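My questions will all concern the structure given below.
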Amino acid sequence: MRYVIKQSRTVEDAIKDALLELGVSEEDVEVEIIEEASKGLFGLIGSKEAKVKVVVVNDSVNIAKEFLDKIFTSMTIKADVNIRKEEDVLNIDIINVDPADKGIIIGKRGNTLDSIQYLLSLTINKGSDKFIRVALDIEEYRLKREETLVRLAEKMAEKAKYTKRPVKLEPMNPFERRIIHSTLQKHNGITTYSEGNEPFRRVVIQAK
């Protein structure tokens with residue numbers, strides 16, 4: 001169980017310092033006040049700082065690390081993770097992966113990566129009152145994929161305009177479909193909509 005002991009001018013400041021170091025929110029910890037601050041004689045002699053022990057009791061960072069370690073072990077893959085908790089979002093980057101294993105983790109059109117992210121989200125939020133969003137990535141795959149989809153959307157929009165026929169894209173997950181719709185939302189002379197059922201739902205680009 002992770003914990004830190006911090007000293008500061010006040011109990012509140014010591015707690016803030018502890019939360020910052022641990023990278024968690026106040027609702028994720030238990031605080032033990034070891035010593036209250038005291039001003040001492042004349043506010044100078046014998047003054048003491050407040051001392052607190054802050055223990056993480058809802059450690060989503062540790063849960064995520066243990067979950068991913070088990071996943072990688074079962075896949076016989078060696079990889080490290082960089083985890084950052086920012087308010088109600090857990091940002092996780094998978095790093096130090098062999099190029100061949102990287103493709104296995106991502107899967108076809110990111111399906112395996114999405115599945116791992118979904119299962120991790122279920123694990124972290126099980127029995128919790130506060131929902132934590134999980135954003136799982138591997139060596140900026142999602143950013144590169146988004147850039148690819150933006151280029152694809154613009155290219156297919158031009159094709160739809162030129163041919164005057166609807167252009168049906170390959171099936172995509174909801175995240176990727178939103179990128180296509182968002183890219184072409186203000187594109188003159190173009191409308192987009194989705195058709196089909198999951199996991200084969202796709203975006204259709206059509207000239208107005």
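The values are calculated or read from the model by the stated rules, or taken from the named source; none is laboratory data. Remember, predicted model here, so these are calculated numbers, not experimental data. Cβ sites come from the backbone with ideal geometry, for glycine too, and all protein chains shown count toward neighbours.
If I filter the range 130-166 down to residues being within 28 Å of residue 102 (Cα to Cα) and of a type in the set (Gly, Ala, Ser), which single residue comes out as surrounded by the fewest Cβ atoms within 10 Å (Cβ to Cβ)?
135
Looking for whichever is exposed (fewer than 11 other Cβ atoms within 10 Å of the Cβ), free of Cβ contacts under 8 Å to residues at least 60 places away in the same chain and of a type outside the set (Asp, Glu) here; the options are 39, 48, 108, 102. Which one fits?
None of the others qualify; the one that does is 108.
Criterion first (more than 30 Å from residue 34 (Cα to Cα), outside any helix (DSSP H, G or I) and out of contact with any Asp or Glu (no Cβ under 9 Å at 6 or more places or on another chain)) does residue 103 satisfy it?
Numbers: more than 30 Å from residue 34 (Cα to Cα): yes; outside any helix (DSSP H, G or I): no; out of contact with any Asp or Glu (no Cβ under 9 Å at 6 or more places or on another chain): yes.
Criteria not met by residue 103.
Let me ask something additional. For the range 103-113: of the residues being under 16 Å from residue 148 (Cβ atoms) and not small (Gly, Ala, Ser), which is modelled with the lowest pLDDT?
Looking at residues that are under 16 Å from residue 148 (Cβ atoms) and not small (Gly, Ala, Ser), I get 109.
Give me the pairs: first residue in the range 167-186 and surrounded by 14 or more Cβ atoms within 10 Å (Cβ to Cβ) and at pLDDT 95 or above, second residue assigned to a loop (DSSP other than H, G, I, E, B) and of a type in the set (A, V, I, L, M), beta-carbon distance under 8 Å, and six or more apart or on different chains, which are they?
Close Cβ pairs (under 8 Å, with a partner that is assigned to a loop (DSSP other than H, G, I, E, B) and of a type in the set (A, V, I, L, M)) amount to 180/169; 180/172.
Considering the range 11-32 alone, what residues qualify as being exposed (fewer than 13 other Cβ atoms within 10 Å of the Cβ) and either at pLDDT 80 or above or touching a strand residue (DSSP E or B) at 6+ places or on another chain (Cβ under 8 Å) (or both)?
Passing the criteria: 12, 20, 21, 26, 30, 32.
Shifting gears a bit: Output the number of residues of the range 109-142 satisfying the condition of being within 23 Å of residue 77 (Cα to Cα) and assigned to a helix (DSSP H, G or I). Step through it out loud before you land on a result.
Our first condition is that a residue be within 23 Å of residue 77 (Cα to Cα); within the range 109-142, this holds for 109-124, 134-142.
Those left that are additionally assigned to a helix (DSSP H, G or I): 109-124, 141-142.
Matching residues across the range 109-142 total 18.
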